[in-house]
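J.: Take this structure, written in structure tokens, and hold onto it; I'll ask about it next.
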Amino acid sequence: SSNSNVFKLIQVIGNLPFTSEIIIIWRSKASPPPLQDWQRFGNIRRKKTKISILIGNSTDDKIKMIAENCKSDNVLLLNNDVVLNNEELIFMHQVFKEFPERIVGFTPRLHHWDGEAKSWRYTSKASFKLSMIGTEAVMFAAKYSRIFYSVLPRKTLHYMNQFLHCQDILLNMLVSSITRAAPIKVGQRSRLSKAETANFTKEDLATKFQEKQSCINRFVEDLGEMPLVASQRS
């Protein structure tokens, strides 16, 4: 409907001075609204802002779709259910301009070594440190989406495709392996949407969390190192 959150997001990002193009990855089985509706309901006043729709499904890889279709130098990647305002996105862009080689976003994540289990652990618990940023709302250089598929081992990408909710871990690993630096957090948001977990049972969430533990260790094994870098402070 015209009141859905995705149109509110389109309205915010479509009228930002740094937005040149909006690519909508449509994963619903229903047909997407026509382009004129996105312009109208999104209330986009900037004539220079182009909108395009990519038809996909729930198993499509959004980083690959960015690599194949994004013509801009930089990417603002947003899930359709995130709630962010104009000021937050402008501030995010200002921070990104200061650190254009790093991932900049709102939801911090951290890795650590579990000496007892002798394995790496992934956590989303609040901490003074971070080594990853969730990809619900992030900015990063578009070149990383292309490097993702030209550099990372095929076996690693094949494994990741079975657990696409682990893609944020692998993207952070790739960027940190290049920058040797931690990502940048803006704001104090641990979650960006109530809908983020509403569609999953507790059992589903527990399974996904455990799969992330397996993913982070598999990625380290494939890459031959732990490339993530923890920040010294938040």
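The values are calculated or read from the model by the stated rules, or taken from the named source; none is laboratory data. Quick caveat: nothing in here was measured; it's all calculated off a predicted structure. Note that we place each Cβ from the backbone using ideal geometry, even for glycine, and neighbour counts take in every protein chain shown. Keep in mind that these areas ignore ligands, DNA and RNA; they rest on the heavy atoms of the full protein, side chains included. Shrake-Rupley method; radii C 1.70, N 1.55, O 1.52, S 1.80 Å.
J.: Only one residue in 159, 122, 144 is within 25 Å of residue 23 (Cα to Cα), aromatic (Phe, Trp, Tyr) and not in a loop (DSSP other than H, G, I, E, B). Which one?
T.: Just one listed residue meets the conditions, 144.
J.: Can we say residue 101 is within 17 Å of the chain's Cα centre (by Cα), acidic (Asp, Glu) and open to solvent by less than 50 Å² (accessible area, probe 1.4 Å)?
T.: When the stated conditions are applied, residue 101 does not pass them.
J.: Something else: Is it the case that residue 81 is open to solvent by 30 Å² or more (accessible area, probe 1.4 Å), under 16 Å from the mean Cα position of the chain (by Cα) and acidic (Asp, Glu)?
T.: yes
J.: Return the total of residues in segment 1-27 being small (Gly, Ala, Ser), open to solvent by 40 Å² or more (accessible area, probe 1.4 Å) and touching a Ser or Thr at 6+ places or on another chain (Cβ under 9 Å).
T.: Looking only at that region, the number is 1.
J.: Condition first: of a type in the set (Ser, Thr, Tyr) and either without any contact (Cβ under 8 Å) to a residue 60 or more places away in the chain or touching a helix residue (DSSP H, G or I) at 6+ places or on another chain (Cβ under 7 Å) (or both). Now tell me which residues in segment 209-234 satisfy that.
T.: Across segment 209-234, the qualifying residue is only 214.
J.: Here's something else I'd like to know. Anything in segment 1-48 that is closer than 20 Å to residue 79 by Cβ, of a type outside the set (Val, Ile, Thr) and not in a loop (DSSP other than H, G, I, E, B)? List them, or say none.
T.: Matches in segment 1-48: 5, 7, 8, 9, 11, 14, 21, 26, 38, 41.
J.: Please find, within segment 212-234, the residue that is farthest from residue 112 (Cα to Cα) out of those that are open to solvent by 50 Å² or more (accessible area, probe 1.4 Å), part of a loop (DSSP other than H, G, I, E, B) and at pLDDT 95 or above.
T.: 224
J.: Please work out which one of (1) open to solvent by 20 Å² or more (accessible area, probe 1.4 Å); (2) hydrophobic (A, V, I, L, M, F, W, C); (3) under 26 Å from residue 204 (Cα atoms) is the condition residue 138 fails and give its number.
T.: Failing condition for residue 138: (1).
J.: Go through (1) in a loop (DSSP other than H, G, I, E, B); (2) at negative phi; (3) not acidic (Asp, Glu) and name the single condition residue 54 misses.
T.: (1) is the only condition that residue 54 fails.
J.: Scanning segment 40-66 for residues that are among the polar types (S, T, N, Q) and surrounded by fewer than 16 Cβ atoms within 10 Å (Cβ to Cβ), which turns out nearest to residue 171 (Cα to Cα)?
T.: The residue in question is 59.
J.: State whether the residues of segment 39-55 include one that is within 23 Å of residue 180 (Cα to Cα) and either of a type in the set (A, V, I, L, M, F, W, C) or free of Cβ contacts under 8 Å to residues at least 60 places away in the same chain (or both).
T.: No, that holds for no residue.
J.: Just the residues that are part of a loop (DSSP other than H, G, I, E, B) and open to solvent by 30 Å² or more (accessible area, probe 1.4 Å), please, taken from segment 104-119.
T.: Listed by number, the residues that qualify are 115, 116, 117, 118.
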